[in-house]
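Below is one structure, written out as structure tokens, with a few remarks after it.
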Amino acid sequence: MLQDRNILHDAKPQFAVIADQHVADLHLRTLLGALPAGVRAFTFPPGETSKSLPATMGLYDQLAAGRFERSGVIIAFGGGVAGDLAGFIAATWQRGVRFVQVPTTLLAAVDASVGGKTGVNLSAGKNLVGAFHQPIAVIIDTDFLTTLPDRDFRAGLAETVKQAAIRDPGFLVWHEAHAELLAARHPETIETLISRNCALKAEIVALDERESGLRAILNYGHTIGHALEHLLEYELRHGECVALGMLVENEIAARRGELSRVEADRIRALLSRLGLPLQLPRPVAATEVTAACRTDKKVRDQAINFVLLHAIGQPWQTADVTDAEIAAAMAVVQP
Ligand code: GLY
């Protein structure tokens, strides 16, 4: 997905790679081999704690020392943290420079790298400082995924199931037909998965880049998912929490009679076949979940916003889910 063909015609574009140290150890040599000589690479320690203003400042200082110019191109290399952090630096360096996403995790390939959301965390919450800044290209080389642990790979599948469930019933059927190949990481199946998924996500983003309406459907599974991620202190992967979030949110919709039990069970069965968790590793009090939901960015006037399904492919947004409904639905994932 190359959006700015000028990059191909620049006489000598200056590139700076911003990479997670772990990914750099594994793959930086390969990436640099595909770029002109002399490209500078800046690394940061792996993990969510690097998505911070201090890490951003450190990287700004390194770009300044390297005299990185406004005509340059930043390459974000790694998982979601690399994309969000390097993207935020690209959005703000000299009021904005071009950047390219080269995701190396399935989660980043199918979600974070497409759509232009960039940002860093504050101690008050995730992604509280950021900018919409579209990459000029997203380059996904599935060879980089071969070093991804199985658990992280499966966690990425939760986002593709989510995308299918909110927008494309045929893609959900495709997941069902290919579940074993997906779980086994069959290369051609993974390529089809990524390309169908990214086209779907790009279509949603193109219709509502700034999330004033439609794009919010991508938050299906995330209201509860983010709360669980925080309450379990990041013991579970983001995608695992999204899988659990979809189960709880489907239960809310099913108890209201809005989503049929048959469709809720289809999504549950698919998540199970893909090796995603159906239960929490330890009990989490429903009161803690509702309190955590209220600290989310999606809260308006203290109302918790949910994306629920009427049916697969038919999401709707609501702010009238009660704490009692959340508590009752949480039972489906309690151990
Ligand atoms: N990850 C949700 C979005 O890009 O809007």
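Laboratory data are not the source of any read-out in this text; all were calculated from the coordinates shown. All figures in this text were calculated on a predicted structure; none of them were measured in a lab. Positions of Cβ are backbone-derived with ideal geometry, glycine not excepted, and every protein chain shown enters the neighbour counts.
Just want the ordering: TRP316, TRP174, TRP93, from fewest to most Cβ atoms lying within 10 Å of their own Cβ. Let's see the in-between values first.
On the way: TRP316 12, TRP174 18, TRP93 21.
Going from least to most buried by this count: TRP316, TRP174, TRP93.
Sequence gap at least 6, Cα distance under 8 Å: using those rules, report the relative contact order of the chain to the nearest whole percent.
Working: 577 pairs, mean separation 45.4, N = 335.
Once divided by the residue count of the chain, the mean separation gives 14 percent.
Can you pick out the pairs among LYS162/LYS201; LYS12/LYS117; LYS117/LYS162; LYS117/LYS201 whose Cα atoms lie more than 22 Å from each other?
Values: LYS162/LYS201 11 Å; LYS12/LYS117 28 Å; LYS117/LYS162 18 Å; LYS117/LYS201 13 Å.
Listed pairs above 22 Å: LYS12/LYS117.
Whole percent per 20 Å bin, from 0 to the bin with the longest distance: what is P(r) over all C-alpha pairs of the chain?
32, 57, 11, 0
Using the alpha-carbon atoms, what tilt in degrees (0 to 90, nearest 10) does helix 21-33 show relative to the longest principal axis of the chain?
50
Calculate how steeply helix 187-207 sits against the longest principal axis of the alpha-carbon atoms of the chain, using the helix alpha-carbon long axis, and give the answer as 0 to 90 degrees to the nearest 10.
Computed tilt is about 90 degrees.
Quick one: work out the % antiparallel among DSSP beta bridges in the chain, nearest 5. Numbers along the way, then the final one.
On the way: 12 of 30 bridges.
Given both bridge residues lie in the chain, the antiparallel proportion sits at roughly 40 percent.
Would you calculate, for the chain, the mean residue ellipticity at 222 nm contributed by helices, counting each DSSP H stretch of 4 or more residues as -39,500 (n - 2.57) and dividing by all residues, to the nearest 500?
Estimated from H runs of four or more residues: -14000 deg cm²/dmol.
Under 1.5 on a/c is rounded, so check that first for segment 204-306, then, if it is not, pick prolate when a/b is larger than b/c and oblate when it is not; a ≥ b ≥ c are the square roots of the alpha carbon gyration tensor eigenvalues.
Values: a/c = 1.44, a/b = 1.12, b/c = 1.28.
Since a/c stays below 1.5, the shape of segment 204-306 is classed as rounded.
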